């Protein structure tokens with residue numbers, strides 16, 4: 001947010017996406033037990049897809065979002081709503 005504040009006067013928008021558990025090669029390294037525990041801990045009960053993150057990026061780069069700066073979008077299936085995760 002500080003960077004967004006500093007760069008706004010130059011017409012530069014700074015935003016952030018905080019991804020949750022997304023099906024990527026890192027996900028593929030997890031055991032079935034780990035995956036089951038992570039899914040259980042997700043409020044939406046599912047694992048995100050790379051396309052879920054892409055949709056957030058598309059929002060930020062859209063011309064209609066030109067007045068958006070200093071914002072954080074959590075694309076995490078609700079995981080950020082919980083304070084801790086024990087797996």
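Coordinate-derived values only; no laboratory data. All figures in this text were calculated on a predicted structure; none of them were measured in a lab. As a convention, Cβ positions derive from the backbone with ideal geometry for all residues, glycine included, and neighbour counts pool all protein chains shown.
Structure values in brief
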read-out	value
Modelled FRET efficiency - R0 30 Å, residue 62 with residue 26, Cβ distances, 0.05 increments	0.60
Degrees separating the helix 50-61 axis from the principal Cα axis of the chain, which is the longest one	10 degrees
Rg(Cα) / (2.2 N^0.38 Å) computed for the chain, rounded to two decimals	1.31
Tilt relative to the chain, helix 32-41 - C-alpha long axis, 0 to 90 degrees, to 10	60 degrees
Order of 51, 80 - criterion: other Cβ atoms within 10 Å of each residue's Cβ, fewest first	51, 80
Per-residue Cβ neighbour rank within 10 angstrom, fewest leading, 81, 7	81, 7
Computed [θ] at 222 nm, helices only, for the chain once each DSSP H run of length n ≥ 4 contributes -39500 (n - 2.57)	-10000 deg cm²/dmol
